[in-house]
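Reviewing the structure listed below.
The values are calculated or read from the model by the stated rules, or taken from the named source; none is laboratory data. Since the structure is predicted, the reported quantities are computational estimates derived from the model, not experimental observations. Here the Cβ positions follow ideal geometry from the backbone for every residue, glycine too, while neighbour counts run over all protein chains shown.
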Amino acid sequence: MTEATIYQQILDYSNRADPYPLYAELRRTPVARQEDGVYVVSGYREIVALLHDPRVSSDPRNIPEIAAADAAAEETPEFPASFIRLDPPDHDRLRAMVMRHFGPPCSPGRVDGMTNRIMEIITGLIDDFAGKSQVDIVEDFAYPMPVTVICELLGVPREDEPLFHQWSQAIIETTDPTTGSIVERDRRSTQIRAELAEYLKGLLDVHRQQPGDDLVSALVTDPAVDMSQDELLTTAVTLLVAGHETTVNLITNGVLTLLRHPDVLERLRHEPDLIIGTVEELLRYEPPVQLIGLRRSALADIDIAGTTIPKGSVISLALAAGSRDAARFRDPDRFDPDRQDNQHLGFGSGIHYCFGAPLARLETQLALREIARRLVNPRLVSDPPPYRPNPGLRGPRHLAVEFDDIIPA
Ligand code: HEM
């Protein structure tokens, strides 16, 4: 049997708890061709260059296997991709219209205006820890908070969560490069997104007739938003899924990292403003999105780091490896909340830079600040904790934490 390559070892579940030594080995060849023809990119400079290169497409239809399967199929599942999987000009057109209602200059209050409500949700969840000596940070805190926030922001009923949670999990699974072929994953993703969209369709009608204060109501009633029904639906699907599967992992990775660095946890209790640098450093040091795997492709031959990525190749960008590149970050394996010039890749870079970054930052800053302030003598029950299977969107499945008491809000 041939020995597993570094990339195969990274994908292997046994290395999920600590892939970072493997990323260091991977970076020795910053652009590395795999046996299956995928180009894995792990150097900071190379990742940034490709994220800004118009010859790199995010549209799966440009991947030759997917294009060939589409051409050969009698019937292909029909549901359009959202802007995360589109290239300009469609990407820019759709992103700009949605942004009108999410952030400055048109909607500066959409995210900031939620600060008090986010604090209220966090306070309620931590209040519920009272009388317990142990909680699961994932189930009892890091999952319910962002889910409630994204539901309220979009105008999706929170009580429907058990319904869309299944779809959301299934969509995330299709991003896992270890689960089936690229064509199978693409098909499954389209099918599940279409199912979730079917559920959201009814909601769009409700918001058209009785608009609320939420983002979906704003999108369906704004005459300047020139989007088809399917474009609206696919956008809502993406925001719902992206808005609740990533922040969970950042908060959980944050609690884990702070408990492994008690000096930083102690400082946070006295220097609440340190939370800003702490969350940025978490996005560099323990980012939820480790790989943007297997959806980008080369539209032309691309010369980079002494290698030519041939036209049509699939490109997997190891963001987490880039954010620990010693050529860009001093002492990259040290968790340093005082780090200056922290241009990490936690939210990507270039035209697809994370749309929800201001919301994710706000939620995580408030959540970790309150955990640091209110839990008395918190400690990990097991280290490392059990991880979810996905190597690309990585985070603990559970995080058991013991504590002595809760400080009142
Ligand atoms: C800690 C939490 C989050 C992390 C680590 C994260 C990370 C990322 C990354 C790395 C990308 C780039 C993907 C690529 O280049 O292909 C991205 C894009 C995106 N994110 Fe996030 N995200 C987070 C939270 C959110 C939230 C809360 C929302 C929604 C409210 C959101 C919505 C999006 C969207 C729509 C895109 C696509 C942007 C585009 O294609 O122009 N994300 N995110």
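Being under 21 Å from I122 (Cβ atoms), within 14 Å of the ligand (Cβ to nearest atom) and either in contact with a helix residue (DSSP H, G or I) (Cβ under 9 Å, 6 or more places away or on another chain) or β-branched (V, I, T) (or both) is not true of L345.
Hey, can you tell me all the residues within segment 266-280 that are part of a helix (DSSP H, G or I) and not polar (S, T, N, Q)?
Taking segment 266-280 and keeping what is part of a helix (DSSP H, G or I), we get 266-270, 274-280.
Answer for segment 266-280, where residues must be part of a helix (DSSP H, G or I) and not polar (S, T, N, Q): E266, R267, L268, R269, H270, L274, I275, I276, G277, V279, E280.
Looking at (1) crowded, with 17+ Cβ neighbours inside 10 Å; (2) assigned to a helix (DSSP H, G or I); (3) modelled with pLDDT of 90 or more, can you tell me which one M227 breaks? Result: M227 fails condition (2) only.
From the list V220, V206, V237, the lone residue that is without any contact (Cβ under 8 Å) to a residue 24 or more places away in the chain and buried (at least 19 other Cβ atoms within 10 Å of the Cβ) is V220.
Would segment 366-375 turn up any residue that is under 28 Å from G293 (Cα atoms), touching a residue at least 24 places away in the same chain (Cβ under 8 Å) and in contact with a helix residue (DSSP H, G or I) (Cβ under 9 Å, 6 or more places away or on another chain)? For segment 366-375, residues under 28 Å from G293 (Cα atoms), touching a residue at least 24 places away in the same chain (Cβ under 8 Å) and in contact with a helix residue (DSSP H, G or I) (Cβ under 9 Å, 6 or more places away or on another chain): absent. Considering only segment 351-363, I want to know if a residue exists there that is away from the ligand (no atom under 11 Å from the Cβ), under 18 Å from the mean Cα position of the chain (by Cα) and either farther than 19 Å from V41 by Cβ or surrounded by fewer than 19 Cβ atoms within 10 Å (Cβ to Cβ) (or both). The answer is no; no qualifying residue exists. Within segment 282-295, residues that are without any contact (Cβ under 8 Å) to a residue 60 or more places away in the chain and over 19 Å from T178 (Cβ atoms) have Cβ atoms under 7 Å from residues that are more than 9 Å from the ligand (Cβ to nearest atom) and of a type in the set (V, I, T) in these pairs: Y285/T257; E286/T257, counting only partners at least 6 apart in sequence or on another chain. The residues listed here are V111, V56, V135, V98; of these, the one that is aliphatic (A, V, I, L, M), away from the ligand (no atom under 16 Å from the Cβ) and surrounded by 18 or more Cβ atoms within 10 Å (Cβ to Cβ) is V135.
Within segment 306-321, the set of residues being touching a residue at least 12 places away in the same chain (Cβ under 8 Å) and assigned to a strand (DSSP E or B) comprises T307, I309, V314, I315, S316, L317. When D303 is tested against (1) under 27 Å from P177 (Cβ atoms); (2) within 11 Å of the ligand (Cβ to nearest atom); (3) of a type outside the set (G, A, S); (4) not in a loop (DSSP other than H, G, I, E, B), only condition (2) is not met.
For residues in segment 364-378 being outside any loop (DSSP other than H, G, I, E, B), surrounded by 19 or more Cβ atoms within 10 Å (Cβ to Cβ) and not hydrophobic (A, V, I, L, M, F, W, C), which is farthest from the ligand (Cβ to nearest atom)? The residue in question is R374. Filtering segment 17-30 to residues that are surrounded by fewer than 21 Cβ atoms within 10 Å (Cβ to Cβ) and touching a strand residue (DSSP E or B) at 6+ places or on another chain (Cβ under 9 Å) leaves A17, T29. Here segment 87-100 is the region considered, the condition is being free of Cβ contacts under 8 Å to residues at least 24 places away in the same chain and outside any loop (DSSP other than H, G, I, E, B), and the residue that is farthest from D186 (Cα to Cα) is A96.
Here are E266, E245: which of them is more than 16 Å from the ligand (Cβ to nearest atom), closer than 30 Å to A320 by Cα and not basic (K, R)? Let's see the steps before the verdict.
Values: E245 fails: more than 16 Å from the ligand (Cβ to nearest atom).
Result of the check over E266, E245: E266.
Listed by first and then second residue, the pairs linking a residue in segment 58-86 that is free of Cβ contacts under 8 Å to residues at least 12 places away in the same chain to a residue that is assigned to a loop (DSSP other than H, G, I, E, B) and more than 11 Å from the ligand (Cβ to nearest atom), with Cβ atoms under 6 Å apart and 6 or more places separating them unless they lie on different chains, are D70/T76.
For every residue, the table says whether it meets (1) among the aliphatic types (A, V, I, L, M); (2) in contact with a His (Cβ under 6 Å, 6 or more places away or on another chain); (3) within 16 Å of the ligand (Cβ to nearest atom); (4) part of a helix (DSSP H, G or I).
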{"residue": "T238", "(1), (2), (3), (4)": "no, no, yes, yes"}
{"residue": "L256", "(1), (2), (3), (4)": "yes, no, yes, yes"}
{"residue": "R295", "(1), (2), (3), (4)": "no, no, yes, no"}
{"residue": "R324", "(1), (2), (3), (4)": "no, no, yes, no"}
